[in-house]
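Notes for the one structure printed next.
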Amino acid sequence: MIYMSPVWHTIKDDYQEEFGYIVSYKQKPPELLERRPWIADNGVFAGQFEVGKWLRMIDKFRPYASTCKGIVIPDVVGDWWGTLRRWEKYAPMVPDLPKAFVTQDGLTLDKIPWGSFKCLFIGGSDDHKLKKAGPYMRAAIERGVWLHVGRVNSVKRMLKFESADSVDGTMLATEPSTARQKYIVGAMRTIQARKENKSLWDM
């Protein structure tokens, strides 16, 4: 598992190569994105989505396309139907980069536009994420799709979603201490070791 940090300038040099990164509108692309995986947020959850800003952000980060795991296509928080409608509108605007589709409350597996994205992003309410995400996660893994879980703000939650390829959260934005960085790096290493010694169906 890779923890996608929303910050990088406060991460120790020794740890920067351990993290992935989730990028947003106001950030300048760091050179480490040439080597480290990243996902582009869309600002919807924070109430900051504007299509023009979103497209300009994508253009800004496009030089690092080779390490991109997903451009998160605008969704509607808690609304699977609204998210599908937005997918139909906005996904064609990003034809040349890997896209991420966000799951939301009420979504069924047959409604997911499989084959049109490279990353499945587990979003939605806490109830959706914590109690209903299992089938989506297994379906993504079976299809070889990158699996990402949003709003993972504790090591306990990282362990719950250990079968994911990556997670993101605000832990390093709210507390960027060296101790917290070391704690998350240790969790990533532990989870990776567990995954290497455990089958998917045991998780």
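Which one of the conditions (1) in a loop (DSSP other than H, G, I, E, B); (2) within 17 Å of the chain's Cα centre (by Cα); (3) polar (S, T, N, Q) does S66 fail to meet, given that it meets all the rest? That leaves (1) as the condition not met. Residues in the stretch 1-45 that are closer than 16 Å to N153 by Cα and surrounded by fewer than 19 Cβ atoms within 10 Å (Cβ to Cβ): P6, V7, F45. Just to be sure before I move on: is F61 aromatic (F, W, Y), closer than 30 Å to P29 by Cα, at pLDDT 95 or above and outside any helix (DSSP H, G or I) in the structure I sent? It is false that F61 is aromatic (F, W, Y), closer than 30 Å to P29 by Cα, at pLDDT 95 or above and outside any helix (DSSP H, G or I).
The set of residues in the stretch 79-123 that are touching a Leu at 6+ places or on another chain (Cβ under 8 Å) and not β-branched (V, I, T) comprises W80, M93, A100, F101, K111, P113, C119, L120.
Output the residues belonging to the stretch 1-57 that are of a type in the set (G, A, S) and either within 18 Å of F101 (Cβ to Cβ) or assigned to a helix (DSSP H, G or I) (or both). Those that are of a type in the set (G, A, S) and either within 18 Å of F101 (Cβ to Cβ) or assigned to a helix (DSSP H, G or I) (or both): A40, G43, G52.
The values are calculated or read from the model by the stated rules, or taken from the named source; none is laboratory data. Quick caveat, the model's predicted, so the values are computed rather than measured. Don't worry about glycine lacking a Cβ; one is built from the backbone with ideal geometry, like all the others, and counts go over all protein chains shown.
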